[in-house]
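Asker: I have a structure here, written as structure tokens, and I will follow up with some questions on it.
Values in this text are rule-based calculations from the coordinates and carry no lab data. All figures in this text were calculated on a predicted structure; none of them were measured in a lab. Here the Cβ is made from the backbone with ideal geometry for all residues, glycine too, and neighbour counts use every protein chain on show.
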Amino acid sequence: MVFPYTRRMHNSDPSATSAISDPVICVEGLAKEYRVYDKPEGLAASVRSLFHRTSRIVQAVKGVDLTVGRGEFVALLGPNGAGKTTLLKLLSGIITPSRGTARVLGHVPWERADDFRRRFALVMGQRNQLWWDLPAAESFRLHQEIYRIDPVRFERTRDELVDMLDVRRLILQPVRELSLGERMKLELVAALLHEPEVLFLDEPTIGLDVVAQHTIHEFLRGVQSRRRMTVVLTTHYMKDVAALCERVVVITRGDILYDGSLAEIVDRFTTHKIVTLDLDEAPNQATIERFGFPCECRGPQVIMRIDRHRIAEVLPAILGSAGVRDVSVEDVPLEEIVAELFRSDARDAATAAEHAS
Amino acid sequence: MSEVIIRPASPFQGLRTWWMMLKISLEERLVYRGDFALGTLMRFLPIVTQVFLWTAVFGATTKTDIAGYTRNDIVAYYLLTMLTRAFSSMPGLSTGIARSVRDGSVKKFLVQPVDYVSFLLAARVAHKLVYYAVAALPFAGVFVLCRSYFPPVPDAITIAAFVTSLVLSFLLGFFMEATLGMLGFWFMEVSSIVFGYMLVQYLLSGHMFPIDLLDGVPTGIAGVSLADVVHWLPFEYTAYFSSAVWLGKVHGDRLVWSLAIEAAWVVVMAVACRIAWWRGTRRYSAFGG
Amino acid sequence: MSRYFAIFLTFARACLVRDMTFRANFILECVTSLGWMSMNLAFYLLVFTFTSEIGKGTGWSKEPFFAFVATGLIINSIVQALFMPSAEELTEMVRTGGLDGVLVQPLDAQFLLSMHRVDFSALANGLVGVGLLAWAVPRLDHPPPPVAWLLYPLLIVCGVAILYGFVIMLAAATIHMGRNQSLYDFWFYLTNFSRYPAEIYSGPFGGPLRMLCTFVIPILLVVNVPARMVAQPFTGQAWGGVAAAVVAAIASLVVSRFVFQRALAKYRSASS
């Protein structure tokens with residue numbers, strides 16, 4: 001069966017539809033709403049709340065379409081409260097949706113069939129799924145029982161994973177005695193023991209130091225390519241995305257804002273590049289004005305933002321100017337692009353809310 | 001309960017802070033809106049079982065009263081102990097003090113011109129007032145429903161004695177638990193001591209049964225029953241005494257010197273609490289905490 | 001399924017190891033529960049100085065009554081040891097989102113959530129219960145026949161099953177409300193009615209209450225049926241009690257499972 005890419009939301013590029021062979025995750029019109037009760041502030045409101053509580057409906061996920069093929073490494077990128085964790089919980093069957101359909105590995109996730117649950121794994125950052133009082137080695141054995149892993153395969157997989165992450169000396173200690181980074185590594189080992197076909201990661205590197213983040217990135221890359229595992233990762237760190245994924249799904253306020261490759265984001269959402277000039281000496285006002293572009297000066301260094309389409313014509317002129325020792329042309333950093341994406345989306349939301357009220 | 005620093009520059013300041021404490025307690029109660037309405041009524045449920053039990057006990061015996069209590073008296077007694085215990089029980093007081101010693105938050109009371117014990121007492125008064133405000137309706141409802149079990153309303157003197165004993169039982173309960181909590185200055189784990197206290201309280205406070213039932217229990221000393229011994233201990237004044245006063249089981253001379261014993265115990269425990277605070281803080285400062 | 005049993009043994013072993021590691025705490029917990037229990041026993045002894053029987057003509061004199069209390073201790077200690085610790089932890093799990101991790105595992109969630117923690121110190125009361133039974137039974141006027149001893153363990157299991165159903169329904173309520181409700185409070189109020197022989201519930205209020213707690217919320221079947229089996233003379237009527245207990249046990253398990261599955265289906269999950 002071949003599924004075309006489902007239609008993307010407003011900003012996505014319609015010309016990039018391609019067929020996905022062997023789709024593993026198919027989501028159509030998936031939505032989740034919550035009724036949230038307002039918390040009373042102050043004494044009078046508290047008494048009133050005894051008799052009448054006001055509530056409103058929060059739309060965590062608003063009719064999302066998504067298709068992920070086997071072996072893909074997809075990042076769900078979005079600010080806090082965007083709905084990416086809710087989407088992940090829907091796909092792993094933890095909660096049931098208000099509307100829409102989804103199929104993961106051919107199963108409907110929220111039916112929580114044992115066959116389905118044996119084929120995927122979920123790892124949540126800062127939340128423990130290992131049994132707190134047991135040493136990790138015991139948790140692994142328990143995992144083997146629960147997932148019915150063949151003993152020979154289990155030993156081999158476990159040893160392989162434990163060595164890849166270099167945690168052999170930790171597995172006999174009770175999990176509660178370990179640091180956050182160490183626990184995360186052990187969680188990853190536990191998650192992969194049953195060789196899942198799909199791996200869901202919810203903010204796996206949150207709260208970890210740089211070294212631990214890097215180790216985990218390396219590990220995930222290695223393991224994913226070797227086993228052709230489909231990985232969906234939620235994060236709000238660009239670092240995770242840049243290190244791991246070719247495909248990014250940007251989610252804000254329950255909607256998919258963009259679905260495509262990382263490289264494309266730069267192409268589509270930036271209008272300019274950053275040109276950095278190293279001058280012989282700090283420029284004066286006249287020099288700056290001569291360049292004709294908004295600049296930021298740091299001593300002898302001048303940083304300018306130049307329209308991408310005009311780089312070709314402008315650059316020679318700049319290079320020809322006296323006193324230019326070095327020039328570099330870079331893309332706007334991903335963090336900035338994405339942050340601006342979120343900001344502009346939030347602005348749109350605010351104006352829409354204003355117009356609605 | 002939120003930690004509030006009192007700087008009583010003037011009596012109005014202290015009052016204002018106390019009023020804020022009151023409001024916060026009330027809000028906290030109201031957060032658990034489902035809880036308090038149902039929860040207050042639920043507390044009466046165990047009495048239902050006890051009523052049936054005692055009815056069955058009286059049913060099997062030919063006596064009309066046990067140790068001076070008729071079946072109706074016993075029901076009224078249990079209902080009254082709910083009321084008296086609402087005055088004298090201090091949930092979390094001892095463990096709270098011990099914890100603040102352990103984690104060092106007691107330090108700010110060593111440094112600032114505020115008396116820890118007075119602060120705790122004021123906080124408890126606020127808490128209790130809030131509790132009475134929200135529990136008054138359910139309590140009143142139950143008592144009206146069960147008024148047939150009660151003897152006629154006693155005379156003015158008895159009522160005055162009753163109210164006095166209630167106020168004293170509040171203070172007694174407070175100082176006993178506060179002193180217990182102060183032991184946290186000397187012992188790391190106060191929970192075993194608190195448990196022992198709770199156990200003795202459970203048995204001797206009158207929570208389970210009227211102390212008069214111990215009239216027939218011998219102590220090995222001629223003419224002295226277990227009840228006589230317990231009357232000299234502070235425990236019965238947290239539940240049994242006030243209830244017995246209202247029911248008219250304690251009157252005349254005995255009423256007078258019982259009140260005196262209760263008052264004496266209040267003084268003793270207040271002094272003990274004060275001494276424990278002095279010695280404890282001195283020790284604490286010496287060891288750096 | 002033997003797989004579930006093997007997994008349960010792993011959990012139990014881990015808890016035992018932990019309890020032995022923190023031995024002082026374990027001993028304190030045992031002493032605590034024994035302490036409360038002995039206070040109650042002292043109270044019963046006191047009551048029996050004023051009367052020879054609880055309820056006229058009911059047959060619950062001192063020794064049968066203590067056999068009743070012993071049965072209650074045994075059943076309650078099993079429930080407190082095997083199911084309550086996990087159920088108590090459920091409120092925390094719902095609050096912190098640990099429940100999510102349980103829902104993605106290919107194992108029955110009810111099993112995991114009600115049996116992953118064992119409190120061995122709760123068995124102390126049960127052991128005392130056995131001792132109390134051993135004291136009371138030889139002193140009975142009517143010693144129980146062999147068939148009663150065959151049925152007694154079965155009825156203990158039925159009692160445990162009925163209580164387990166209640167634990168699960170309270171757990172389902174916890175999941176549904178997502179609030180930190182004190183499970184032990186509810187539990188105390190519920191089991192409070194079953195502390196004494198059902199015969200005490202008589203009269204205009206007691207009669208209906210007894211019916212309610214026998215046929216609608218079968219809390220009175222838990223201790224009464226097995227206790228009567230050994231403490232009271234064995235008559236043909238006893239079979240009726242056995243049947244009621246078995247039916248109630250099965251009904252309790254079935255209904256509670258249904259309620260629990262509904263609660264899981266509507267699970268909201270803590271916001272991240």
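Asker: What is the angle, in °, between the Cα long axis of helix B:11-31 and the longest principal axis of the Cα atoms in chain B? Nearest 10 is fine, range 0 to 90.
Answerer: 60 degrees
Asker: Test of understanding: what is the full-extension gain from C:Val31 to C:Phe8, defined as 0.36 nm times their sequence separation minus their Cα-Cα distance?
Answerer: 5.6 nm
Asker: Now for a different question. Would you mind calculating the gained length between A:Asp278 and A:Ala242 on full extension (0.36 nm times residue separation, minus the Cα-Cα distance), in nm to one decimal?
Answerer: Using 0.36 nm per residue and subtracting the Cα-Cα distance, I get 10.2 nm.
Asker: Just to confirm the number: angle between the C-alpha axis of helix B:116-145 and the first principal axis of chain B, 0 to 90 degrees, nearest 10?
Answerer: On a 0 to 90 degree scale, this one is about 30.
Asker: Can you compute the helix-only [θ] at 222 nm over the protein assembly as shown? Use -39500 (n - 2.57) per DSSP H run of at least 4 residues, normalise by all residues, nearest 500 deg cm²/dmol.
Answerer: -19000 deg cm²/dmol
Asker: Could I ask something else about it? For chain A, what are the DSSP H helices with axial Cα length of 30 Å or more and mean Kyte-Doolittle hydropathy of at least -0.5?
Answerer: A:334-356
Asker: Sticking with this one: Taking the Cα-to-Cβ direction at B:Ala160 and at A:Arg347 and moving 7 Å from each Cα, how far apart do the two end points lie in nm?
Answerer: With each label point 7 Å from Cα toward Cβ, the separation is 7.9 nm.
Asker: What relative contact order, as a whole-number percentage, does chain B give when Cα pairs under 8 Å and 6 or more residues apart are counted?
Answerer: 26 percent
Asker: Test of understanding: extend the Cα→C-beta vector of B:Leu145 to 7 Å, then name every residue of the range C:191-211 with backbone N under 17 Å from that spot.
Answerer: Once the point is set 7 Å along Cα→Cβ of B:Leu145, C:193, C:204-210 turn out to lie under 17 Å by backbone N, inside the range C:191-211.
Asker: Here is a follow-up. Show the residues, 5+ positions off or on another chain, whose built amide H is closer than 5 Å to the amide H of A:Tyr258.
Answerer: For A:Tyr258, the qualifying residues are A:Val250.
Asker: Continuing with the same structure: Once you have the Cα-Cα distance between A:Arg305 and A:Glu218, take 0.36 nm times their residue separation minus that, and quote the gain in nm to one decimal.
Answerer: 27.9 nm
Asker: Let me ask something additional. Which of the GluC sites (Glu not before Pro) across the range A:187-264 are loop residues per DSSP, with 16 or fewer other Cβ within 10 Å?
Answerer: Answer by residue number: A:Glu246.
Asker: For the range A:2-267, what class follows from the C-alpha gyration tensor (a ≥ b ≥ c being the square roots of its eigenvalues): rounded when a/c is under 1.5, otherwise prolate if a/b is larger than b/c, else oblate?
Answerer: It comes out oblate by the Cα gyration axes.
Asker: So which DSSP H runs in chain C come out at 24 Å plus along the axis (Cα) with average Kyte-Doolittle of at least 1.0?
Answerer: C:23-47, C:62-82, C:146-177, C:237-265
Asker: Now for a different question. Once you put a point 7 Å from the Cα of C:Thr21 and another 7 Å from the Cα of C:Val247, both along the Cβ direction, what distance in nm separates them?
Answerer: 4.9 nm
Asker: Take chain A, connect every pair of alpha-carbon atoms lying under 10 Å apart with a spring to form a Gaussian network, then pick out the residue of A:Arg117, A:Arg156, A:Arg53 with the largest mean-square fluctuation.
Answerer: For chain A, modelled as a Gaussian network with Cα springs under 10 Å, the answer is A:Arg53.
Asker: Distance from the Cα centre of the range A:78-126 to that of the range B:177-198, in angstrom?
Answerer: About 49 Å separates the Cα centre of the range A:78-126 from the one of the range B:177-198.
Asker: With axes computed from alpha carbons, what is the tilt in degrees of helix B:93-102 against the longest principal axis of chain B, rounded to the nearest 10 within 0 to 90?
Answerer: 30 degrees
Asker: Turning to a different aspect of this structure: Might you report the magnitude of the Cβ-based charge dipole of the range B:11-287 about its Cα centre, with Lys and Arg at +1 and Asp and Glu at -1, to the nearest 20 debye?
Answerer: In debye, rounded to 20, the range B:11-287 gives about 920.
Asker: Give the calculated FRET efficiency between A:Thr54 and A:Tyr34 to the nearest 0.05, with a Förster radius of 22 Å applied to their Cβ-Cβ distance.
Answerer: 0.90
Asker: For the range A:2-267, please report how many Lys pairs fall under 29 Å Cα to Cα, leaving out neighbours fewer than 8 apart on the same chain.
Answerer: 15
Asker: Scanning chain B for GluC sites (Glu not before Pro) in DSSP loops with at most 15 other Cβ atoms within 10 Å, what's the longest stretch left with none?
Answerer: B:4-188
Asker: Out of the range B:186-289, which chymotrypsin sites (Phe, Trp or Tyr not before Pro) are coil in DSSP terms and have no more than 15 other C-beta atoms within 10 Å?
Answerer: Passing both the DSSP loop test and the Cβ count: B:Trp186, B:Phe187.
Asker: A further question follows. Where the centre of each part is set by its Cα atoms, how far does the range C:32-53 sit from the range A:141-212, in angstrom?
Answerer: Cα centres, the range C:32-53 to the range A:141-212: 53 Å.
Asker: Please identify, among B:Leu172, B:Leu214, B:Leu45, the residue showing maximal mean-square fluctuation in a Gaussian network model of chain B using a 10 angstrom Cα cutoff.
Answerer: Evaluated over chain B, the most mobile residue of the options is B:Leu45.
Asker: Just to be sure I understand: with springs between alpha-carbon atoms less than 10 Å apart, which residue in A:Ser344, A:Ser98, A:Ser55 has the highest mean-square fluctuation in the Gaussian network model of chain A?
Answerer: A:Ser55
Asker: I would also like to ask the following. Could you check the simple spin-label distance between C:Val255 and A:Leu319, using points 7 Å along Cα→Cβ, in nm with one decimal?
Answerer: The modelled label-to-label distance comes out at 8.5 nm.
Asker: List every residue whose amide H lies under 5 Å from the amide H of A:Leu134, counting only residues 5 or more places away in sequence or on a different chain, with H placed 1.01 Å from N in the peptide plane.
Answerer: A:Val175
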